[in-house]
Every structure is written in C-alpha cells, then in structure tokens.
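The structure appears below as structure tokens.
The values are calculated or read from the model by the stated rules, or taken from the named source; none is laboratory data. Everything numeric here is computed off the predicted structure, so don't read it as measured data. Neighbour counts run over all protein chains shown; Cβ positions are idealised from the backbone, glycine included. In case anyone asks, the SASA skips ligands and DNA or RNA and just uses the protein heavy atoms, side chains included. Shrake-Rupley method; radii C 1.70, N 1.55, O 1.52, S 1.80 Å.
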Amino acid sequence: MSTKLHTKSYSNNDRLFFLLNPNEDIAENDPVRVVDAVVESLDLREFKKLYRERGRCPYHPKMMLKIILYAYMNNIYSCRKIERQVQRDIHYIWLAAQERPDFVTINRFRNRVKNEINNIFTQVVLLLAERGFITLDVEYIDGTKIESKANKYTFVWRKTVEKNRAKLQEKIRVLLEQIDEVIAQDKAAEAESVEFTPETLTSIIGELKDTLSAEPESADKNQKKQLREKKKQIKELEKHRDKLSEYDVRLEQIGERNSRSKTDPDATFMRMKEDAMNNGQTKPGYNLQISAENQFITDFALFPNPTDTLTLIPFFNSFLDRYGHLPSVAVADAGYGSEENYRFMDEAGMEAYVKYNRFHLEQRPRYKPNPFQHENFHYNAQEDYYVCPMGQHMTRIGTVHSKTASGYRSESARYRAQNCKGCPLRCLCYKAKGDRRIIEVNHRLNEYKRKARELLTSEEGLKHRGRRCVEPEAVFGQMKFNMAYRRFRHFGKDKVTMDFAFFAIAFNIKKMCSKIAKQTKNGGNTPHFGLLMLISRILHLENRIFWKNPQKSVA
C-alpha cells in the first residue's frame, strides 16, 4: 500500500507574483550592509559635474558605486559578471534597489569617475581613521610588481631605438650626398655635426620638389631617367623622415625608462616574481607602492621604474597631497635605503626605520666584518684620515660628485694610501692596479646609516621590524592569492590607477568588516561598529518604506 506524500504545491509554469523583500533575507551583520552604510556616508558632490542636466536620467552614482565595490569585495572584477550578479544575487538586488544596469553602463561609470574615485578612497581612509582603525602616523611601505594587460611580446627597448635611429641618421646623410642638388648638399653639410629632425627633412623635401617641378620637360631618355631617379630618392627620403618621426615618438613615450609596451605605452618591462617559466623573462607591468597600517591600505601609487629606491619621495609627496601631512614614523625594507631618501625623511622630521643594503648581513649571529673593507677602517674625524689594516694613514686627496637618476647630487671624499708596494696584505686588501689604494667614502650616508642602525636595533625598532612583515606583505598576499588580483585589466596608467582605487576601497571595507566581526565576537559591539550599524538600521528602515511603497521616492 503506497503512502501519500504531503508536500507544498509546486508549479513553475503558473503566473506567480513574487513579493521580494531582501531586508528579511539579509542578515543584520552582513558585509553588504556595511558597504551600504559606508557609501551613504561619503560625499559624492564631485560626481554631479560628470552628469548632464538634460537627457535620460542616469542611474544614481551611489547605487553604481555600491554594486561595484561589493563585487570587488567578492573577487568579481568583470563588468559582465557584475551585471549577472545584479540580476541574480539578492545582495546586489538589494543594493541596486531592483535596478539592472548592464555591463556597458557599469564600465562607463568606472571610466567616468576615474579621476574622482581617488578622492573617494581618501574619504574611506579618513573614515577609518575617525573610527579608530588607523592613525595615519605610522606607515609601513612596500612595493610589488603587477603585470599589465599588454601583450608580453610588444616590447620596445630604448637602446634598440637609439641604435636604429643612429643608423637611420647615417642613411639620411648618405642619401643626401647622392642627390645631385645644391640644396640637399648644403643641408647635408649643415647637418654633419647636428642630427636631422623630421622638420628639417620636410623642408629639404619641399625644396627638392619645387626644384623638380620648375625643371622643363625633356624628350631626352637620359634626362627622363635622371628625373625618375630623383623622384625615387625623394620618396625614399620621405620614408626615412616618417621612420625618424616614429623613432622620436617612441623615445618620447619611453621618457627616462628603458622600455615600454606598444599596446600599453605607460607599462615598463620588468621581472616579476610570478615567473611560470622560471627563465627570468621580463613582462610589461607597473611597480605598485602601498602604505599599510593595521593591514589597511592608506595610500597607493603606480610607478614605471622597476626599483623601489626612486619611488619613496614621490610616494611621500602623494601621501602629503592626500592627507595634508606626512607620517611621523616610516618603516621600509632595504630597497629604500639611499642617501636621498634618508635625507628627505630626516629633514621632514620622520623617524626612519628604513634598512640599508647590508643591514641583514650585520645582524647575523656569525657575521664577522671584513677588515679590508673601507667601512671597517679606523677613521680619525679631527684630522680627516683613515688607517688601513697595516697602519698606514690614508689622506684625503679630493672630492667626487655623483648624480642619481632623480637629479640628486651626492658627495664622496677620496682617500689614498701612502704606499702599498711590498705590503704583505696587498693581495687581500685590493686587486686594482697601482701601488696606492684609493677609497671613496660618503660621510653623510654613513651618518644616516648609523642613525638607522640605532633605530632599527632599538626596542621600538624591533617591534616595527616585526610588524613590517605582517603589514604590506599580508596585504599583498591577500590581494594576489585570496582576492585573485594579480594582473591589471585595463590599458594606460590612468585606467589602471582607477581600477586599483576601486580595489583598494573594497579591500579596506572588507578588512573593516572582518575586524568588526572579530571584535564583536570577542567583546560585543565596539563604538565604530555601533555607529555603522546605526546608519545601516536607518537605511534599513528607509528601504522597508521603499519596498512597501515602490512608487514613493525616498529622500
């Protein structure tokens, strides 16, 4: 005997009217509510100038910003995927208030606010500082390389362009010598010591064409042949001019870099840590610099140079422009330890817990200083001389000035030994030719290193050195592995900066949600949590009114 199955009636073919109320299905402590509360507290008045007063009413920028940030928090960076979530996911439906922007609209919004989104990031960081999550006084700085969207085989190298341009200059000079014209000969003679430019070649070509057009037509075969030859040479000269112009444009786009990508001119070829082939292949990318505090991103900037040394001062200037002050404490690794950077931080009054290149070696338990390195020589500051391991005095013989890529001039003193000939330690001391060893010492840099060593080995320095490993490094780990943000998805520095600004805002909100949940679990509601939830409850009440009366607009 079969038993009757008692179930609720089910039919997906009938006409049903769904009364959707997401507030009943979304938890009170869900991160989507924090996103909603944070965006509602932001000042978006700068967005108004991006919209026209006439035409079809656009989607509200707060709604667009909410769904994009929530998507980035959930590792969704594609506009098509965001469009799909807005149609299917109840959290996105609640944020969008049942609006359904398509992927084109979402992408246009991101590009439209590419300049204003940087200010939104600043507002979120200031909100975190106001709520006590960060102080903006201690900054842990580090950098990582992010691959560009550009094809890795579209590289242009500075040395190759310069070499080909020099060859082209010689070809132009030879071609002008072959042209039997007084004008071309004179121009070639003038340009023997000066490089040709596209403008100069345009002038030469114009004068040559005028000369040919002024010549009378002739029935002589030899004269016709010469005329065809001259026209052919002028066409070849025009090709050389166009090629020279192309080389000049490439060098202008490269600027002070050593390379660029054809599809993304702002990207530079550099070695990445993520090397699947393990062959050290260079790829187009950007050097991303961030400052972190309590594992929140407090500032970011993108640079084309692969090394970190020249990025610190521009990065501090970016921090100053964003918040109106510099941090009182800066912590960074050995990649930033240069005389220029130490001097900037010292004059700005910052405590620089920044390592120099040999600091790690000096801290090893079995480290023994090399007595033949000039850093370990005895120095008499009063009489300004060094003493070598054999006891010879090395007197000062002059000063050497050097210039960095950023234009900073450093000064090094030169010292020379009296006589190294016949010294039993000469083979261990130096291998250069000559009977008197010469050393160069940068006294200002040595003083900065001494101060850095004292700070780094102090109790406070040990604490900062331990924190540095879990501040920016943890941010990079979460960014690349947990949130799968390993490669940029746009061309051009402006759009890449826009995309990372969206990501940084979403990262900070996600981190704030995590800390709020942890603090709530350990000790109940915290002040900042209570304030955010109060805003969220007000919005929750407004949304309930909206869902009950869809035709009524909510202020």
Practice task
Pull up all non-local amide H partners of Tyr385: gap of 5 or more, or a different chain, and H-to-H distance under 5 Å with H placed in the peptide plane.
Solution key: Asn380
Problem - Whole-Hz couplings from phi, Karplus 6.51/-1.76/1.60, listed for the stretch 391-398; x for Gly and Pro - result: x, 6, 8, 9, 8, 6, 10, x
Completion exercise
Classified through the alpha carbon gyration tensor (a ≥ b ≥ c as square roots of its eigenvalues; rounded if a/c is under 1.5, else prolate when a/b is larger than b/c, else oblate), the stretch 32-103 comes out oblate
Completion exercise
Cα-Cα longer than 21 Å, checked against Lys273/Lys515; Lys163/Lys209; Lys66/Lys114; Lys81/Lys515, kept in input order, equals Lys273/Lys515; Lys163/Lys209; Lys81/Lys515
Problem - Candidate residues Glu460, Glu53: accessible-area rank, largest first, probe 1.4 Å - result: Glu53, Glu460
Problem - Nitroxide proxy distance, nm - points 7 Å out along Cα→Cβ at Asn317 and Thr160 - result: 3.2 nm
Handout entry: Charge context of Thr263, other residues only, Cβ under 12 angstrom, K/R +1, D/E -1
Key = +2
Handout entry: Calculated FRET efficiency for the pair Arg88/Asn376, C-beta based, R₀ 56 Å, to 0.05
Key = 0.25
Problem - Computed magnitude of the charge dipole of the stretch 350-440 (debye, nearest 20; Cβ of K, R +1, Cβ of D, E -1) - result: 480 debye
Completion exercise
With the dipole of the chain defined by +1 on each Lys or Arg Cβ and -1 on each Asp or Glu Cβ, the option from Leu302, Asn107, Leu326 whose Cα lies farthest towards the positive pole is Asn107
Fill in the blank from the handout: For the stretch 283-387, listing trypsin sites (Lys or Arg not before Pro) in a DSSP loop whose Cβ sees at most 11 other Cβ atoms within 10 Å gives Arg366
Problem - Length released on extending from Glu46 to Lys421, taking residue separation times 0.36 nm less the Cα-Cα span - result: 127.6 nm
Exercise for the section: Kindly report the accessible area of the chain per residue (heavy atoms of protein chains, probe 1.4 Å, no ligands, DNA or RNA), in Å². Expected result: 58 Å²
Practice task
Work out, step by step, the length gained on full extension between Asn294 and Lys243: first 0.36 nm times the residue separation, then minus their alpha carbon distance; give nm to one decimal.
Solution key: 13.1 nm
Problem - Nearby lysines by direct alpha-carbon distance to Lys433 (threshold 21 angstrom, same-chain neighbours under 8 apart not counted) - result: Lys421
Exercise for the section: Only helical DSSP H runs with n ≥ 4 go in: add -39500 (n - 2.57) per run for the chain, normalise by residue count and round the 222 nm mean residue ellipticity to 500 deg cm²/dmol. Expected result: -15000 deg cm²/dmol
Exercise for the section: Count charges around Gly466 for me, please; just the other residues with Cβ under 12 Å from its Cβ, Lys/Arg as +1, Asp/Glu as -1. Expected result: 0
Exercise for the section: Could you tell me, in Å, what Rg and Dmax come out for the Cα atoms of the stretch 360-474? Expected result: 18.0, 56
Problem - Entry for log10 I(q)/I(0) by the Debye sum over Cα atoms at q = 0.09, 0.10, 0.12 Å⁻¹ (calculated from the structure that is shown) out of (i) -0.75, -0.86, -1.08; (ii) -0.75, -0.91, -1.21; (iii) -0.91, -1.01, -1.20 - result: (iii)
Practice task
Within the stretch 307-403, report the chymotrypsin sites (Phe, Trp or Tyr not before Pro) that DSSP leaves as loop and that have at most 12 other Cβ atoms within 10 Å.
Solution key: Tyr367
Completion exercise
Excluding residues fewer than 8 positions from Lys449 in its own chain, the lysines with Cα under 22 Å of it are Lys355, Lys368, Lys403, Lys463
